[in-house]
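What follows is one structure encoded as structure tokens, with my remarks underneath.
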Amino acid sequence: MLDLVSDRGVTVEEPQPENSPLAVRGLTVSYGQKPAVFSVDMTVQLGALTAIIGPNGAGKSTLLKAALGIVKPLSGHVTVFGQALEDQRARIAYVPQRASVDWDFPTRVIDVVLMGLSRQLGLLGRIRARHMARAMDCLNRVGMRDFSDRQIGQLSGGQQQRVFLARALAQDADLYLLDEPFAGVDAATEKAIIGVLKSLKQAGKTVVVVHHDLATVTDYFDNVFLINTRKVAEGPVAQAFNAETLQATYGGRLATAQIDQISRALG
Amino acid sequence: MSGAEFVPLSLTPLLIGTFAAIACALPGNFLVLRKQALIGDAISHVVLPGIVVAFLLTGTISTWPMMLGAAAAAVVAVAMIEAIRRLGRIEPGAAMGVVFTTMFAAGVLLLEQTDTSTVHLDVEHALYGNLESLIWLDATGWSSLLDARALAGLPPELSRIAATLLGVSLFTWWLWRPLKISTFDEGFARTIGIRTGVLGFALVIVAAIAAVAAFDAVGSIIVIAMFICPPAAARMMTNRLETQITWSVVFAAISAVSGYVLAGYGPLWVGGIAAVSAAGMIATMSGLILALTALFGPCRTRTGERVST
Amino acid sequence: MLWDALTLQLGYNATLVAVGATLLGVSAGVTGTFLFLRKRALVSDAISHATLPGVCLAFMVLVAFGGDGRNLIGLLIGSALSAWVGLLCMTWLTRHTRLAEDAAIGAVLSVFFGFGIVLLTVIQTLGVGRQAGLEGFLLGSTAGMLWADALIIAIGGAATLALVMIIRRPMMLVAFDPEYAAAQGVAVHRIDLAMMGLVMAVTVVGLKIVGLILIVALLIIPPVAARFWSERSDRVVLLAGLVGGMAGYLGAAISASAPNLPTGPIIVLVSFGFFAVSILLAPVRGVLAAVLRHLRFQRRVHIRQGLLAMAQDQTIYEPLTLRLLRRAGLLRADGVPTDAGRARAAKALRDEKRWEIVRADQTHEATAALYDGLRDIETVLTQDQIDEIDRQIGGPQEVRP
């Protein structure tokens, strides 16, 4: 009977959790009386670009936040590079969704990027020329070098998003988690961001992105994780991202025409 | 005015007022940026019940039990506000309003029920303090600053507020980076391992200590004004946190000095006979500074979009 | 003694105070509700503190023109004027500078209050010797309240209440969704100012009884207490009026029943009593109800997750899950599922599979939205529909416990 019904969603080529940069087991998170994420297992593959995909309110951001300990789960546990989250914090960089900071805060672009170096600087360490140079280099990588002296609120949405990516780069982490980095940004920013993400992958880093644009999944990512409160499917794009899994993820909410279009694109 | 007159009568109140103003303005910067400015308001209201309870427990009007009582009341108030906000799902402003008015009412009631005729303990004193009376009688002039015997007669409020200012400055300096990061972006702060809950509570406790020490010397009305007005005025001057802190210290000092001088000598200039409340005047001056920066400050308008809470 | 007070038999003055306090409580509770629902409760703190300079200036003007400095109407007009100026300053700061509302509130309240204190000390130095009444405005003083004073409070309270009733609809609209209200052609800024004007009226009326520091409590505590009992805004308004009125009445009566019980603080403490009962015991929003609900919910989640793990022979690590499963008789002490446990686990797994079909099927879209990992499928689908789904799944039929 067990092989008849696979409950936990399709998992293609189950990677070993011990080596995984981020492994989640039995995670349930609820806001109030409705679980946003229910009993989810996730195993992120080392050195890959992974997209977390699902409809609005499917628990994508919540999964990421719970994995980072920003929201408290009702049950389940998380390991990062096979160890407890607290011991591995220095190896994670997180880019939050745009809305979660105080844009009116008195701080310049370069100060924001320098925040990424705070673990390295410690409480009282002085910011020296090499820290400054590193922050400027990170800004350069996202094409924001010329804006270093602006107040953060004076930038456009896409520019702000790039600054936060630069901050994550400054952290020099091994695992990068990005929450909807492409939401509402201009084409130039999207291009800059995906360029940086691909270069991170080339440098052997692991990148996980909450993503909502189904049309770009095959171009941008190696792996997908489909979620709608429960896990639906997990694995390489070529296998786990298809009409069947999308139908299961989006149900009636995704027009059949759209799914057809994507399956055609997938060949 | 000669040193022989200035040092005994005006030097210590000026220093105490300035130190108190700066000690409140420093944590005030973070409270204002965190949209918690009214925590200062709440704390300064609950100081009264704390002091009355301490008096009832010890039976004396000595300083340390009272300061402990006031600090304890501040902690109780903050804990209650958090509890009501979270458990009752009530917005923070209303939760604060429930707590500090209730505790203040309890303080007034206890005061009425207690025989305080033998001690100097009343609501008016709690509100406006008595900065003017903190004089240094042992001083004879500037030379007294080097005279150990005269220095021993300095009002104890001076050393207390100086120690508090030192403590508050150390706290701000030591935890500068985590405070800045967690105020700007709490989610990010948590991902790099900053314990934002503990830090936020520590900030409120430091604010409470500053409030209690300042209250001891200058009354609660200055405390609220100094938590909010100098940082708010400083925010209109710059877009850098480091510079904002500097401006807030300058504004706090200007408010304290000009307020004290105007309260003491202003009435004489316009033909009055006696001085007016220095505490009230300091608050008024900080308001004037805020008004000027709100009208002319280079960074007075918003840049980013408003944060929805 | 208390009984006498409650039945208004403690004499003329006590009766006046009780009637005045009740009316004040009702109008403060009702007015405060709109402020609270607009999430601007502490604006009342700025307004009330901003009355002080006006009271002092009115006193000085009255004395300068040879009148009686304690003339209540004169003082109240002065307080209203300066509260209005404070309100405009606060609104200007939030609209035209980068200051958030909380900072603007704090700035206005401390600066106006500080200036008021300066004026109070000026009055003291004028040597008129009649300023004693002014300190009473800080904490209220009902001793020696006159018939005329009570009349002013009664008329003021009733007029405020009537005004609230007239503009309650636009105020509620603005409190609920200011952007929608603006789209509907409601002048949001004006309605806000009108709301603040009403708060100011309540404050001014309440100065004599509870004083400017504690009037805030009457504007905030009854609405917050009332909110726990109803999800309907009109009921919250009525309940807040009721709580405020009862607090005013009971507070005044208790205060009259013994010496050294100042009216203002007692009224505040009585309203806090109502609040404490509400936050703890209210049926849906109360803390007790919420804690019970959360524990029940957590239990369901853990049992369900445990059952799914059992059905797939996965090891359960969560100690809480294990404990709950054992307690429910689904798991033996040695970690082996009982027969009942096995049956429930199989059913849970099958339900998950059924849900999977439902959620992938567009014809079940409305049902699929109800999925939360916990809901029993029988509660949303008919037996026929379930049979149809089971046919799609195929395989063995479910094991009935």
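The values are calculated or read from the model by the stated rules, or taken from the named source; none is laboratory data. Just so you know, these numbers come straight off a predicted model, no measurement behind them. Quick reminder, even Gly has a Cβ in these numbers, built from the backbone with ideal geometry, and neighbours come from all protein chains shown.
Pairing residues of region C:335-353 that are modelled with pLDDT under 85 with residues that are of a type in the set (A, V, I, L, M) and crowded, with 22+ Cβ neighbours inside 10 Å, at Cβ distances under 6 Å and at least 6 apart in sequence or on separate chains, gives no pairs at all.
Checking B:Ile90 against (1) among the aliphatic types (A, V, I, L, M); (2) assigned to a helix (DSSP H, G or I); (3) surrounded by 24 or more Cβ atoms within 10 Å (Cβ to Cβ), which test does it fail? The one condition B:Ile90 does not meet is (2). Considered as a group, the residues in region A:87-144 that are under 19 Å from A:Glu180 (Cα atoms) and aromatic (Phe, Trp, Tyr) include one that is nearest to the other protein chains (Cβ to nearest Cβ), and that residue is A:Trp103. When we screen C:Ala14, C:Ala41 for residues that are in contact with a helix residue (DSSP H, G or I) (Cβ under 9 Å, 6 or more places away or on another chain) and either part of a helix (DSSP H, G or I) or not assigned by TED's automatic domain parsing to the domain that holds C:Leu212 (or both), the only hit is C:Ala14.
Inspection of region C:55-72 finds no residue satisfying the criterion of being under 26 Å from the mean Cα position of the chain (by Cα) and modelled with pLDDT of 90 or more.
Taking the criterion of being in contact with a Ser or Thr (Cβ under 7 Å, 6 or more places away or on another chain) and touching a residue at least 24 places away in the same chain (Cβ under 8 Å), the only residue of region B:56-74 that qualifies is B:Leu56.
For (1) in contact with a Ser or Thr (Cβ under 7 Å, 6 or more places away or on another chain); (2) crowded, with 20+ Cβ neighbours inside 10 Å; (3) aromatic (Phe, Trp, Tyr), each residue gets a yes or a no:
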{"position": "A:Val24", "(1), (2), (3)": "no, yes, no"}
{"position": "A:Gln33", "(1), (2), (3)": "no, no, no"}
{"position": "A:Val40", "(1), (2), (3)": "no, yes, no"}
{"position": "A:Val44", "(1), (2), (3)": "yes, yes, no"}
{"position": "A:Thr50", "(1), (2), (3)": "no, yes, no"}
{"position": "A:Gly54", "(1), (2), (3)": "yes, yes, no"}
{"position": "A:Ala58", "(1), (2), (3)": "yes, yes, no"}
{"position": "A:Lys72", "(1), (2), (3)": "no, no, no"}
{"position": "A:His77", "(1), (2), (3)": "no, no, no"}
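Of all residues in region A:120-144, those that are surrounded by 15 or more Cβ atoms within 10 Å (Cβ to Cβ) and either touching a residue at least 40 places away in the same chain (Cβ under 8 Å) or at positive phi (or both) total 3. Cβ-Cβ contacts under 8 Å between residues 6 or more apart (or on different chains), taken from a first residue in region B:90-102 that is at the interface with another protein chain (Cβ under 8 Å from one of its Cβ atoms) to a second residue that is in a helix (DSSP H, G or I) and among the small types (Gly, Ala, Ser), are listed as B:Met96/B:Ala42; B:Gly97/C:Ser44; B:Gly97/C:Ala217; B:Val98/C:Ala217; B:Thr101/C:Ala217; B:Thr102/C:Ala217. Taking the conditions (1) surrounded by 15 or more Cβ atoms within 10 Å (Cβ to Cβ); (2) in contact with a Gly (Cβ under 9 Å, 6 or more places away or on another chain); (3) more than 10 Å from every other protein chain (Cβ to nearest Cβ) in turn, C:Arg342 satisfies each one other than (2). If you take just the helices (runs of 4 or more DSSP H) that sit entirely in region B:207-309, which of them hold at least 3 residues that are within 8 Å of chain C (Cβ to nearest Cβ) and either at pLDDT 90 or above or touching a helix residue (DSSP H, G or I) at 6+ places or on another chain (Cβ under 6 Å) (or both)? Counting at least 3 such residues, we get B:220-235, B:278-296.
Looking for something exposed (fewer than 15 other Cβ atoms within 10 Å of the Cβ), within 14 Å of chain A (Cβ to nearest Cβ) and in a helix (DSSP H, G or I) - is there at least one such residue anywhere in region B:160-172? Yes, region B:160-172 contains at least one residue that is exposed (fewer than 15 other Cβ atoms within 10 Å of the Cβ), within 14 Å of chain A (Cβ to nearest Cβ) and in a helix (DSSP H, G or I). The set of residues from region A:102-152 being of a type in the set (Gly, Ala, Ser) and more than 23 Å from the chain's Cα centre (by Cα) comprises A:Gly122, A:Gly125, A:Ala129, A:Ala133, A:Ser148.
From the list C:Val63, C:Val19, C:Val30, exactly one residue is crowded, with 24+ Cβ neighbours inside 10 Å, assigned to a helix (DSSP H, G or I) and out of contact with any strand residue (DSSP E or B) (no Cβ under 9 Å at 6 or more places or on another chain). Which is it?
Result: C:Val30 is the single residue among C:Val63, C:Val19, C:Val30 that is crowded, with 24+ Cβ neighbours inside 10 Å, assigned to a helix (DSSP H, G or I) and out of contact with any strand residue (DSSP E or B) (no Cβ under 9 Å at 6 or more places or on another chain).
Could you please find all residues in region B:131-160 being touching a Ser or Thr at 6+ places or on another chain (Cβ under 9 Å), closer than 20 Å to B:Ala278 by Cβ and not small (Gly, Ala, Ser)? If the condition is that a residue be touching a Ser or Thr at 6+ places or on another chain (Cβ under 9 Å), closer than 20 Å to B:Ala278 by Cβ and not small (Gly, Ala, Ser), then B:Leu131, B:Glu132, B:Leu134, B:Ile135, B:Trp136, B:Leu154, B:Pro155, B:Pro156, B:Glu157, B:Leu158, B:Arg160 are the ones that fit.
Checked against (1) within 26 Å of B:Arg86 (Cβ to Cβ); (2) within 14 Å of chain C (Cβ to nearest Cβ); (3) basic (Lys, Arg), B:Lys180 meets all criteria but (2).
Filtering C:Leu126, C:Leu88, C:Leu93 for residues that are free of Cβ contacts under 8 Å to residues at least 40 places away in the same chain and surrounded by fewer than 20 Cβ atoms within 10 Å (Cβ to Cβ) leaves a single hit, C:Leu88.
So is C:Thr321 surrounded by 19 or more Cβ atoms within 10 Å (Cβ to Cβ), among the polar types (S, T, N, Q) and in contact with a Leu (Cβ under 8 Å, 6 or more places away or on another chain) or not? It is false that C:Thr321 is surrounded by 19 or more Cβ atoms within 10 Å (Cβ to Cβ), among the polar types (S, T, N, Q) and in contact with a Leu (Cβ under 8 Å, 6 or more places away or on another chain). Consider region C:273-314 and keep the residues that are touching a strand residue (DSSP E or B) at 6+ places or on another chain (Cβ under 6 Å) and either among the hydrophobic types (A, V, I, L, M, F, W, C) or over 28 Å from C:Ala348 (Cβ atoms) (or both). The one that is farthest from the other protein chains (Cβ to nearest Cβ) is C:Met310.
Quick check on region C:315-332: of everything there that is facing chain A (nearest Cβ under 10 Å) and touching a helix residue (DSSP H, G or I) at 6+ places or on another chain (Cβ under 6 Å), which residue is farthest from C:Val301 (Cα to Cα)?
Across region C:315-332, the extreme among qualifying residues is C:Ile316.
Those helices (runs of 4 or more DSSP H) of region C:131-198 in which 3 or more residues are in contact with a helix residue (DSSP H, G or I) (Cβ under 9 Å, 6 or more places away or on another chain) and within 14 Å of another protein chain (Cβ to nearest Cβ) occupy C:132-139.
The residue pairs whose first member lies in region A:26-46 and is of a type in the set (Asp, Glu), whose second member is modelled with pLDDT of 85 or more, and whose beta carbons are closer than 8 Å, counting only pairs six or more residues apart or on different chains, are A:Asp41/A:Val24; A:Asp41/A:Arg25; A:Asp41/A:Gly26; A:Asp41/A:Leu27; A:Asp41/A:Lys231.
Results for (1) closer than 20 Å to B:Leu33 by Cα; (2) assigned to a helix (DSSP H, G or I); (3) modelled with pLDDT of 85 or more, shown as yes or no for each residue.
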| residue | (1), (2), (3) |
| --- | --- |
| A:Asp87 | no, yes, yes |
| A:Asp102 | yes, no, no |
| A:Val112 | yes, yes, yes |
| A:Gly125 | no, no, no |
| A:Asp146 | no, yes, yes |
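In region C:361-386, the residues that are of a type in the set (Gly, Ala, Ser) form Cβ pairs under 6 Å with partners that are surrounded by 17 or more Cβ atoms within 10 Å (Cβ to Cβ), at six or more places apart or across chains, as follows: C:Ala368/A:Gly251; C:Ala368/C:Val358; C:Ala368/C:Arg359; C:Gly373/A:Pro35; C:Gly373/A:Phe38.
Listed here are the residues, each with its yes/no results for (1) in the same structural domain as C:Leu219 (by TED's automatic domain parsing); (2) at pLDDT 95 or above; (3) not in a helix (DSSP H, G or I).
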| site | (1), (2), (3) |
| --- | --- |
| C:Val237 | yes, no, no |
| C:Ala253 | yes, no, no |
| C:Pro259 | yes, no, yes |
| C:Phe274 | no, yes, no |
| C:Leu292 | no, no, no |
| C:Arg304 | no, no, no |
